[in-house]
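Below is one structure, written out as structure tokens; comments come after it.
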Amino acid sequence: MKRWSTVTIALAFLMNGVNSFSQSEKPIIRLGLIADIQYADAETRGSRFYRHSLSKLESCVSDLNKQDLAFTINLGDVIDRDQRDLDTVLKLLGKLNQKVYNTSGNHDYNGITDNTQLYKKLNMPAEYYSFKKGKWLFVMLNTNEVGSYSNTTGTWKEQELKTMFDRIKANKGRNATDYNGGISSRQMQWLDQVLKRAQKRNQQVLIFSHHPVGCAEGLNALNDKEILATIQKYKCVKALIAGHHHTGAFCQIGSMPVIVAEGMVETADENAYGIVELFPNRLVLKGTGRMTSRTIIF
């Protein structure tokens with residue numbers, strides 16, 4: 001894993017005003033990005049100001065509605081603990097002028113006994129899915145599919161969960177915890193097929209997930225290495241973007257840039273959301289508040 005790379009160096013040049021890109025060049029696609037709203041009608045705990053998430057989200061929605069965006073992506077953990085809070089947050093998200101593509105977060109399963117009901121509320125077309133816009137393909141992984149909290153007991157996924165935990169412990173990993181999840185063998189096969197097809201069609205791909213598949217030791221998906229091994233077979237994948245690690249992070253694994261978006265729930269007053277601009281040769285993340293601005297050169 002290389003934390004300093006040509007990507008980071010390129011960003012440093014841009015921040016210092018050495019910018020070879022045309023200022024008049026317009027992005028192909030602009031989209032909103034939100035992670036870990038994690039609202040709860042509950043007292044603050046540590047740096048998590050649960051009740052403040054509503055006013056932050058309201059401000060975020062107001063700002064994103066002023067932008068020319070194709071859609072917004074929400075990386076999960078809409079709520080912290082109580083399903084009654086979900087409608088409150090979704091009502092605010094519903095005020096966005098553009099479509100919202102959701103994936104679930106580990107906290108969203110609290111109080112859920114039927115996962116399909118959660119996906120229906122989040123307006124997810126399936127447990128995991130993809131959609132396209134022009135020559136870009138956006139893949140929404142579900143890294144909560146196999147987790148101790150996501151109703152795997154008594155299903156075929158239970159053994160896969162045990163295998164993941166056993167593998168992590170055997171390798172002395174740190175992410176074998178009850179708040180991390182992974183993707184099943186079926187989802188892995190689906191991902192491989194989706195990327196193989198995208199590469200044949202000369203599409204460019206961004207992959208989104210709640211849990212990072214790198215860059216956040218102890219908070220990565222349970223089968224992060226296996227997911228990465230599948231993804232790294234395909235040059236069409238330009239970046240991975242995830243949430244879950246509220247402080248945010250960036251690293252490059254091989255040639256693969258990994259962005260971990262800062263969580264909205266953190267701090268009393270500072271917001272965290274962003275706008276992603278896609279160009280033929282780069283991705284520009286324009287962060288607001290705690291969300292870090294980044295430029296990634298393809």
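Tabulated values for the structure
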item	result
Among the residues listed as Leu222, Leu228, Leu283, the single one being buried (at least 20 other Cβ atoms within 10 Å of the Cβ) and within 24 Å of Ala126 (Cβ to Cβ)	Leu222
Options Ile275, Ile296, Ile241: the member that is farther than 17 Å from Ile79 by Cα, more than 15 Å from the chain's Cα centre (by Cα) and among the aliphatic types (A, V, I, L, M)	Ile296
Boolean, Leu137 is aliphatic (A, V, I, L, M), open to solvent by less than 20 Å² (accessible area, probe 1.4 Å) and either assigned to a loop (DSSP other than H, G, I, E, B) or without any contact (Cβ under 8 Å) to a residue 40 or more places away in the chain (or both)	no
Qualifying residue in the stretch 31-49 (condition: among the basic types (Lys, Arg), farther than 30 Å from Val205 by Cα and at pLDDT 95 or above)	yes
Elements of type strands (runs of 3 or more DSSP E) in the stretch 198-298, at least 3 residues being more than 17 Å from Lys135 (Cβ to Cβ) and modelled with pLDDT of 95 or more	237-242, 249-253, 256-260, 272-279, 282-289, 294-297
Subset of the stretch 81-98 (residues that are in contact with a helix residue (DSSP H, G or I) (Cβ under 9 Å, 6 or more places away or on another chain) and among the acidic types (Asp, Glu))	Asp87
Pick from the stretch 26-39, criterion of a type outside the set (Asp, Glu) and buried (at least 20 other Cβ atoms within 10 Å of the Cβ), ranking: farthest from Gly274 (Cα to Cα)	Tyr39
Selection from the stretch 160-197 of residues that are within 22 Å of Asp77 (Cα to Cα), open to solvent by 30 Å² or more (accessible area, probe 1.4 Å) and in contact (Cβ under 8 Å) with a residue 60 or more places away in the chain	Tyr179
Conditions (1) surrounded by 20 or more Cβ atoms within 10 Å (Cβ to Cβ); (2) over 15 Å from the mean Cα position of the chain (by Cα); (3) of a type in the set (Asp, Glu): number failed by Glu58	(1)
Cross-chain or 6+ apart pairs with Cβ under 7 Å, the stretch 245-259 first and free of Cβ contacts under 8 Å to residues at least 24 places away in the same chain, then open to solvent by less than 20 Å² (accessible area, probe 1.4 Å)	Thr247/Glu262
All positions within the stretch 143-159 that are in contact with a Ser or Thr (Cβ under 6 Å, 6 or more places away or on another chain) and either crowded, with 19+ Cβ neighbours inside 10 Å or small (Gly, Ala, Ser) (or both)	Thr143, Asn144, Glu145, Val146, Lys157
Among residues of the stretch 262-288, those that are of a type outside the set (Lys, Arg) and over 15 Å from Leu57 (Cα atoms), counted	9
Tyr101 within 30 Å of Gln199 (Cβ to Cβ), out of contact with any helix residue (DSSP H, G or I) (no Cβ under 9 Å at 6 or more places or on another chain) and outside any strand (DSSP E or B)	no
Filtered residues of the stretch 63-112 (kept if open to solvent by 10 Å² or more (accessible area, probe 1.4 Å) and more than 17 Å from Tyr39 (Cβ to Cβ))	Asp63, Asn65, Lys66, Gln67, Asp68, Leu69, Ala70, Asn97, Gln98, Lys99, Tyr101
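Okay, residues lined up against (1) of a type in the set (A, V, I, L, M); (2) in contact with a strand residue (DSSP E or B) (Cβ under 9 Å, 6 or more places away or on another chain):
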site	(1), (2)
Asn202	no, no
Glu217	no, no
Ile231	yes, yes
Lys238	no, yes
Cys251	no, yes
Gly254	no, yes
Glu266	no, yes
Gly289	no, yes
Ile297	yes, yes
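The values are calculated or read from the model by the stated rules, or taken from the named source; none is laboratory data. Just so it is clear, the model here is predicted, and its values are computed rather than measured. Virtual Cβ from ideal backbone geometry, glycine too; neighbours counted across all protein chains shown. Side chains are part of the model used for accessible areas, which takes the heavy atoms of the whole protein and leaves out ligands, DNA and RNA. Shrake-Rupley method; radii C 1.70, N 1.55, O 1.52, S 1.80 Å.
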